[in-house]
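What follows is a set of notes on a single structure, which appears directly below.
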Amino acid sequence: MMMGELWQQTGSLMATIVFVYTVFEKFFPPNLRDRVQSYTHKLTSHFYPYIQITFPEFTGERLKRSEAYTCIQTYLSANSSHTAKRLKAEVVRDSQKPLVLSMDDNEEITDEFNGVKVWWAASKTSTNSQPFSFSYYPPPDAKRYYKLTFHKSHRDLITLSYIHYVLQEGKEIASKNRQLKLYTNNPSSGWYGYKSTKWSHVIFEHPASFETLAMEEKKKEEIIKDLEKFKGGKEYYAKIGKAWKRGYLLYGPPGTGKSTMIAAMANFMNYDLYDLELTAVKDNTELRKLLIETPSKSIIVIEDIDCSLDLTGQRKKKKEKEEDEDQKDPMKRAQEEENKGSKVTLSGLLNFIDGIWSACGGERIIIFTTNFIDKLDPALIRRGRMDKHIELSYCGFEAFKVLAKNYLDVESHGLFPVIERKLVETDMTPADVAENLMPKSVDEDSDTCLRNLVKSLEEAKEEAERKKKKEAEEEVKKKAEEEEAAKKKKKEAEEEVKKKAEEEEAAKLKAEKEKEELAKEKEVICNAKSDGDGGVKENGVLH
């Protein structure tokens, strides 16, 4: 009887509370409700030893999703949601884990930090005017938030350390789980308008890694340590007063793995790739705008920079070009400027690499590739712009062993000493070696592929010797032709001297002959004059 009366009184009390709450919510003015709730919170705070912090899903009048909310959701999904009994599944774009499990609404889980227990709850509020209406769908204006509860004695630990830890962990987990992207710059004509962007992208799925990269182990380890040092160097770069970026120059013959190296670096650093096509950039201003649009944790790549634009001889040609421009007709000059492609200058590219604008955003890597390093302007590749120069040359024995392991799953073989000797004697790129190691049919095994490589190395050596012999013969022929031309030129010069001497001698003889003739004529005239004078004197008559 006592238990029945107790349950009856409890039911009556609960019904009274529900009735009072309904009347309070429905008939009391909002300002009065807020005032009563504030005083109620003040009263209970004296007896309630816990502190609560809410993290709403949206900030700024629901215009932008809170970054803190996203980081907390990622952290809880990875670290604590396995203890929750009610979960919800969400499809996340651009992630290696497209299906993500997180806490359902009104679910609570616990977490621990430095021995302190905290509680996380996923909640939502609704401004629906009908508080007790039921629906299978959430109200359209529902506001979700995470609520963190902890004891007030741990306020400093939670507010100063734990929340920062959760946000950082959430960012790192999201960065690890996201799919890498490969971007390319769009022409500036498509930059503006609805949903127009300066960069377009595809999912980057290149499987290259440093483990599969055909390179000497020592050089590979050196590059990995350099990248690791850069990735954790935020405080160091701030300390020395330098922008958090690093430049790499990859150079070597075609087929030596420059593009594969870039893909391996992107996968190792977990950075997005931005493939910058300079010929699609009109001028330095557009180049600067593209730089601003690249976020942190990105790799900016300009491949074959020696072929992208004529940047090497600009400083030499500048003066001559200005003189020619001054002499051109203004209308013709304007038409040429309009028809001209990219006007990116060497100065603009240098400012892009390490100018003031290059410090907009941190944790960036800039990579140039070239087949001919001698063609590049020294100012473009000096230290401080291209901080590390990496030469990717012909395949050595260590690189071959990596390729043999990758393609044939072979770590040792009887033909390895032969291949090692022939790789020293012959220049063959890793791409050519890999092509020979790749089985072309189901009948080919590792022995066949290795023998094919030996045969190709022998043929390459013979071809190189033939080429060298042909070049030597051409050099001898060219030298003989030059000697013959020199002899011919010398003979022509001697004949010219002889001819000139003969002409001078003939001119001298002619002059002497003319002089003699002139003397004879003068003598005749004198004789005639003398004869005339004598006749007059003798006869007294002029003849």
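The values are calculated or read from the model by the stated rules, or taken from the named source; none is laboratory data. In this text the structure is predicted, and so the values were computed from the model without any measurement. Neighbour counts are summed over all protein chains in view; Cβ atoms, including those assigned to glycine, are modelled from backbone coordinates with ideal geometry. These area figures cover heavy atoms from the full protein model, side chains too; ligands, DNA and RNA do not enter into them. Shrake-Rupley method; radii C 1.70, N 1.55, O 1.52, S 1.80 Å.
Short to long, the 5 Å bins of the Cα pair-distance histogram for the range 423-479 hold 5, 18, 21, 17, 12, 10, 7, 5, 3, 2, 0 percent of all pairs. Using R0 = 51 Å, the C-beta based FRET efficiency linking residue 512 and residue 307 works out to 0.10. Taking a ≥ b ≥ c as the square roots of the eigenvalues of the Cα gyration tensor, the range 194-289 is oblate, since a/c reaches 1.5 or more and a/b is not larger than b/c.
Loop-resident trypsin sites (Lys or Arg not before Pro) (DSSP state other than H, G, I, E or B) in the range 437-531 with no more than 15 further Cβ atoms inside 10 Å of their Cβ: 440. Pairs spanning more than 21 Å between alpha-carbon atoms, out of 181/231; 231/289; 258/375; 258/468: 231/289; 258/468. Placing a pseudo-label 7 Å from each Cα along the Cα-to-Cβ vector at residue 458 and residue 119 gives an inter-label distance of 8.1 nm. The residues of the range 374-477 have, on average, 61 Å² of accessible surface per residue, using a 1.4 Å probe with all protein chains present. The solvent-accessible area of residue 151, taken with every protein chain present and a 1.4 Å probe, is close to 60 Å². With 0.36 nm allotted per residue and the present C-alpha distance subtracted, the residue 51-residue 445 stretch has 135.0 nm of extension available.
Put a dot 7 Å past the Cα of residue 9, heading toward its Cβ, do the same for residue 296, and the two dots end up 6.2 nm apart.
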